[in-house]
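Step one of this worksheet: look at the structure below.
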Amino acid sequence: MRRIVILAGALALLTLPAAAEDKLKLAIGQINNWENQAPTLGQDAGIFKKHDLVLESFGTAGAGETMQPIISGSADIGAGVGVAGVMRAYSKGAPVRIIAPAFTGTGDLYWYVKADSPIKSLKDTTEKNTIAYSTNGSSSNNIVVAFVQELGAKAKPAATGGPAATLTSVMSGQIDIGWAAPPFGMKEIKEGKIRIIAHGSDVPSLRGQTVRVLIANATALSARKDAFVRFMAGYREAVDWMYSSPDAIKMYAKKIDADEALIKDSIAQFHPKSAMQTDAMADLDGAISDAVKLKFLDAPLTKEQIADLIQIPPRAK
């Protein structure tokens with residue numbers, strides 16, 4: 001009888017389900033951009049599964065749209081969100097926290113015109129012209145404000161959403177100057193349909209700053225901290241894999257239906273791995289100062305606010 005009981009117990013253990021994986025819901029601005037691929041490609045490659053996580057990701061047109069589900073609690077993590085926009089939301093009481101820098105520098109964003117446009121540079125713009133950014137609070141919004149205030153561009157800023165919608169607006173004549181991030185637009189540039197007239201890195205004060213971050217809903221972060229720590233471990237592993245495995249570029253090329261060689265060139269030119277470091281906010285003092293100067297903040301954040309806002313899990317040793 002005892003043997004039967006022991007055998008039954010052993011069989012019960014064998015049939016127990018595996019430990020449930022935690023699910024995290026992600027809102028990702030410009031979800032098809034290379035710099036935002038760690039969650040999606042990492043999920044497809046099985047990297048997050050190793051950390052007992054399942055990611056459910058959806059795309060948005062930019063930081064403004066990305067922050068809304070994080071603030072409401074309908075999503076756990078937001079990716080590709082402009083630093084100035086996050087600081088503005090936090091200063092107004094929004095339950096958002098920064099859990100990692102996502103992109104440092106502004107060399108990956110560019111502004112362009114139709115090939116036959118008379119505009120050759122930002123200096124050629126007038127009050128009659130329009131210049132695009134994605135959504136309010138995005139890094140492209142921050143850069144366009146800097147174009148106007150620091151570089152003297154006279155064009156009127158206009159929110160146009162993602163690169164595809166922006167290109168349609170430019171080619172149809174609704175917007176004079178569009179924005180994009182590679183590899184989007186590289187084909188049109190090679191074909192001579194559009195011309196680049198400015199880069200985000202043209203703004204000196206923004207070149208060395210972390211301009212986009214990963215954010216979390218504060219309540220979810222507090223209640224499920226271990227899941228977010230494991231997410232960051234998986235995210236960092238995914239970034240390392242993206243820059244070391246040829247499979248990453250193959251998967252990405254297939255995903256966005258683009259030429260692998262074009263993507264390799266684009267990554268080498270616009271997306272160095274160093275820009276995707278996730279350990280520390282670069283030039284945070286400068287970012288806060290610029291946020292005040294560009295009127296994203298009414299006053300600088302205090303040390304206590306900074307410590308509360310920025311909660312980056314340390315890299316595992």
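Computed values, structure above
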read-out	value
Heavy-atom accessible surface of the chain: percent carbon and sulfur, 1.4 Å	55 percent
Cut-off 9 Å between beta-carbons: net charge of the residues surrounding TYR112, Lys and Arg +1, Asp and Glu -1	+1
Accessible area of the stretch 143-187 divided out per residue, in Å², using a probe of 1.4 angstrom	38 Å²
Label-point separation in nm, LYS255 to GLN311, each point 7 Å along Cα→Cβ	2.7 nm
Gyration tensor over alpha-carbon atoms, the chain, equivalent ellipsoid semi-axes in Å	39, 24, 15
Histogram of C-alpha separations across the stretch 197-242, 10 Å bin width, %	21, 31, 28, 18, 2
Per-bin percent of Cα-Cα distances, the stretch 71-163 [5 Å]	3, 11, 20, 22, 17, 12, 7, 5, 3, 0
More than 18 Å apart - percent of Cα-Cα pairs taken over the stretch 209-271	54 percent
Where the stretch 54-128 is the region considered: accessible area per residue in Å², 1.4 Å probe	36 Å²
Total charge dipole magnitude, the stretch 177-224, about the Cα centre, Cβ charges on Lys, Arg, Asp, Glu only, Debye to nearest 20	100 debye
CD proxy at 222 nm, helix term only [per DSSP H run n ≥ 4: -39500 (n - 2.57); per residue of the chain; nearest 500]	-12000 deg cm²/dmol
Value in Å of the Kirkwood radius, where the stretch 65-105 supplies the Cα pairs that are averaged	10.5 Å
DSSP beta bridge pairing in the chain, given as percent antiparallel to the nearest 5	55 percent
Degrees between helix 63-72 axis and first principal axis of the chain (Cα, 0 to 90, nearest 10)	40 degrees
Per residue solvent-accessible surface (Å²) - the stretch 197-317, probe of 1.4 Å	50 Å²
Degrees separating the helix 246-256 axis from the principal Cα axis of the chain, which is the longest one	60 degrees
On Cα atoms only, tilt of 260-270 relative to the major axis of the chain in degrees	70 degrees
Dipole of the chain, positive end: most advanced residue of GLY93, SER121, PHE231 [Cβ charges, Cα centre]	PHE231
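The values are calculated or read from the model by the stated rules, or taken from the named source; none is laboratory data. Everything quoted here is computed from the prediction, not taken from an experiment. Cβ atoms come from the backbone with ideal geometry, glycine included; neighbour counts cover every protein chain shown. For accessibility, only protein heavy atoms count, side chains too; no ligands or nucleic acids. Shrake-Rupley method; radii C 1.70, N 1.55, O 1.52, S 1.80 Å.
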